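To start, the structure itself, in structure tokens.
The values are calculated or read from the model by the stated rules, or taken from the named source; none is laboratory data. Bear in mind that the values here come from a model prediction, so they are computed numbers and not experimental data. Cβ coordinates were reconstructed from backbone atoms using ideal geometry, including for glycine residues, and neighbour counts include every protein chain displayed. For accessibility, only protein heavy atoms count, side chains too; no ligands or nucleic acids. Shrake-Rupley method; radii C 1.70, N 1.55, O 1.52, S 1.80 Å.
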Amino acid sequence: MKRKWYLRPVVVIVLIVIAPPIGYLNVFLNRGKFEPNERLGYLAVATIFAALWLTKFLPHVWRIPAIIVVALCGIYLLGKSK
């Protein structure tokens with residue numbers, strides 16, 4: 001069965017990387033159309049990129065420590081999901 005264009009892996013990853021809130025909504029609203037492992041992977045990547053995207057709203061002094069914490073948590077989550 002062929003997936004719709006917005007459910008294809010390349011489109012989902014591009015949405016997550018370019019516009020994390022839109023990619024996150026795409027994965028969350030279509031969660032029933034993905035396999036469980038695939039959905040968890042997309043949600044993990046979307047959460048990491050959304051957290052990185054939100055760091056632009058932090059004061060400059062907090063930006064680098066926040067990015068380091070998000071990167072470490074992302075490495076932990078991605079390592080745990082495998």
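Here is the figure for the stretch 1-13: residues that are in contact with a Lys or Arg (Cβ under 8 Å, 6 or more places away or on another chain) and open to solvent by less than 70 Å² (accessible area, probe 1.4 Å) total 1.
Among the residues of the stretch 43-54, just one is in contact with a Phe, Trp or Tyr (Cβ under 7 Å, 6 or more places away or on another chain) and within 14 Å of Val11 (Cβ to Cβ), namely Ala46. Return yes or no: is Ile75 among the β-branched types (Val, Ile, Thr), loosely packed, with under 13 Cβ neighbours inside 10 Å, out of contact with any Leu (no Cβ under 8 Å at 6 or more places or on another chain) and in a helix (DSSP H, G or I)? It is true that Ile75 is among the β-branched types (Val, Ile, Thr), loosely packed, with under 13 Cβ neighbours inside 10 Å, out of contact with any Leu (no Cβ under 8 Å at 6 or more places or on another chain) and in a helix (DSSP H, G or I).
Pairs please, first residue from the stretch 14-32 and within 13 Å of Ala51 (Cα to Cα) and open to solvent by 30 Å² or more (accessible area, probe 1.4 Å), second anywhere and β-branched (Val, Ile, Thr) and in a helix (DSSP H, G or I), Cβ atoms under 8 Å, 6+ apart in sequence or on different chains. Pairs that qualify, where the first residue is within 13 Å of Ala51 (Cα to Cα) and open to solvent by 30 Å² or more (accessible area, probe 1.4 Å) and the partner is β-branched (Val, Ile, Thr) and in a helix (DSSP H, G or I), are Tyr24/Ile16; Tyr24/Thr47. Of everything in the stretch 41-72 that is closer than 24 Å to Asn26 by Cβ and of a type in the set (Gly, Ala, Ser), the residue that is least open to solvent (accessible area, probe 1.4 Å) is Ala46.
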